[in-house]
Amino acid sequence: MSATHSPYDLAVVYRICPFMSKTAPQIFKGDKFLLSRVALESFKASLGNLRVKMWVLLDNCPPEYERLFTDLWDTRDLVIERHPGIGNRGTLLRQYQILCDQEDAELIYLAEDDYVYLAHAFEEVVGLLRDHPEVDFITPYLHRDYDALPMHRHRQSFLQHRNQKWETVKTTTGTFAARRTALREIHWVFQTLLQKVWFAEQTDVGVWLALTKHDIFNPWSWMTWPFKSPYFAWSLFSSWWTCWRQILFGRRYVLWAPSPSLSTHLADGLMPTDYDWNKELETRITAIKNNLTRP
């Protein structure tokens, strides 16, 4: 099917597993199913009136996790894949494969099971990608580290679209929106996340630095980051080790984040401070426990 005549505004691959992160907010009390439901219901509400084709990668999940999706989605727009525990690396690879190969939508989103979104957030994300071809990648998550860590400081660009402000950022997580054509161009860069670099692994930061090219040629960063953050210093090294072709010969891509944030990663200490996300979680959990679904 031609993307021009696609019935869908967005193609999504949603990765989910039944295991709780050690950094998950205490409000969930170790209940991964509750966290998954809160996250998924917020994601559904964030789509607004968009037409979405959804692939779900269930990795070692009990049957009740599948019902979370079939209760919320029209089965004509839903593809379920059950995997027997292939882990983060396996589901990442499958996520890239699906979104590169699918012909249902040009705009794509790589989703994980531990994010919560504001209602209609994706109408803003999709609108920005449609109206601004210079936008390559979007994270709906304004990471707290952008203000807290000096390694994230840079000369930013800003954009106002509709009622939402956007700013350029250096890096983000593995959860982002893009065009399918862009992912096809550089999916091999993201696949370096599956590689070992000597005694450690490639990092999200390393991948994004290769794409956005922030600090990658800056000798001051190479001299100072080992003292400021060994993780960022390692990311500089691993970026060059695995992605030197992109760094030297590929084009520079631009990554945008909303301000204020349209979503949060469900991790203690990492939720944006521009919105009361704890109150949002409390409201959603209470609604679920009262057998209600917040719109």
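The values are calculated or read from the model by the stated rules, or taken from the named source; none is laboratory data. No experiment lies behind these values; they were computed from the predicted model shown. In this analysis, Cβ positions are derived from the backbone assuming ideal geometry, glycine residues included, and neighbour counts consider all displayed protein chains. When the accessible area is computed, the model is the full protein with side chains, heavy atoms only, and any ligands, DNA or RNA have been set aside. Shrake-Rupley method; radii C 1.70, N 1.55, O 1.52, S 1.80 Å.
Things to note:
- Residue in region 254-276 that is at pLDDT 95 or above and either part of a helix (DSSP H, G or I) or open to solvent by 80 Å² or more (accessible area, probe 1.4 Å) (or both) present: no
- In region 81-119, the qualifying residues are those that are of a type in the set (A, V, I, L, M) and open to solvent by 20 Å² or more (accessible area, probe 1.4 Å), and the one that is nearest to ALA24 (Cα to Cα) is LEU118.
- As a summary of the residue check, LEU10 satisfies the conditions (1) under 30 Å from LYS289 (Cβ atoms); (2) open to solvent by less than 50 Å² (accessible area, probe 1.4 Å); (3) at pLDDT 95 or above except for the one numbered (1).
- Scanning region 53-80 for residues that are open to solvent by less than 30 Å² (accessible area, probe 1.4 Å) and not in a helix (DSSP H, G or I) yields LYS53, MET54, TRP55, VAL56, LEU57, LEU58, ASP59, TRP73, LEU78.
- Residues that are within 20 Å of PRO140 (Cα to Cα), more than 18 Å from the chain's Cα centre (by Cα) and of a type in the set (Phe, Trp, Tyr), drawn from region 245-295: TYR275
- Only one of the numbered conditions (1) within 19 Å of the chain's Cα centre (by Cα); (2) more than 23 Å from HIS265 (Cα to Cα); (3) not aliphatic (A, V, I, L, M) is violated by THR75, and that is (1).
- Single unsatisfied condition, MET151 versus (1) in contact with a helix residue (DSSP H, G or I) (Cβ under 9 Å, 6 or more places away or on another chain); (2) surrounded by fewer than 14 Cβ atoms within 10 Å (Cβ to Cβ); (3) more than 22 Å from TYR275 (Cβ to Cβ): (2)
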